[in-house]
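Any read-out appearing in this document is the output of simple, stated calculations on the displayed coordinates, not a laboratory observation. Source: prediction; values computed, not measured. When we count neighbours, we look across all protein chains shown, and the Cβ atoms used for this are built from the backbone with ideal geometry, even at glycine.
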Amino acid sequence: MAKYIIEHLEAEVYEWCLIEYGHISEIVGKDNLIFTNIKGDDFKKLKKLGSVFEKNVSELKFQDICVLSQYSKTALTAGDKSKFKYFVFGGILGDNPAKKRTDWIIDELREAKISFGKRSLGNVQMPTDNAVYAAKKILDGSKLSGLKFIDEVEIEVNENESVVLPFRYVVDNNRLVISEKLVEHLRNRKEF
């Protein structure tokens, strides 16, 4: 059974992170989700969503690791499920353009002399929950080329305003894979 590791790379677990992490827990199940690099009070916030560790993934010395990076030249396939046990995602609010923060995970694994593989879900940045969703679909037998994506999402905030999310989202059964809680959060924000 594949385990999904979210290496948290933000300064804290912001409200949007908690929403996205909750969505990931719904996608893969609490028993298959691991959060690493979690500090202080944020530890308690995530306990109901999955296993939580204060140490980062390189300090935990997991074996059979695959890091998902949009910069990998090798696409994730269903066959990777038999090669790797842990699939690592960077828990980050994507920057546009990307800051390549997933490379931090790769650098730390190399420094700790932990062997790992790298795979891609395409070369466009996705929100963490969508990356996990796409990876799970692929590991369950879908092909990356068979998944449908949209590369920018506009969320109407009110009749006069909207917010554009400049990331790749999965479209499954003609429905955008996005947490309704996130949409509600964006609509309730006071400023942008």
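Structural remarks
- Under a model in which nothing but the beta-carbon of Lys, Arg (+1) and Asp, Glu (-1) is charged, the range 3-143 shows a dipole of about 580 debye around its Cα centre.
- Residue 173-residue 54 FRET efficiency (beta carbon distance; Förster radius 41 Å; 0.05 resolution): 0.60
- Positive-pole candidate from 115, 28, 58, dipole of the chain, charges at beta carbon: 115
- In the range 1-39, the chymotrypsin sites (Phe, Trp or Tyr not before Pro) that fall in loop regions by DSSP, at most 15 other Cβ within 10 Å: 14
- Of the complete DSSP H runs in the chain, those spanning 15 angstrom or more by Cα along the long axis with a mean Kyte-Doolittle score not below -0.5 are 15-28, 128-139.
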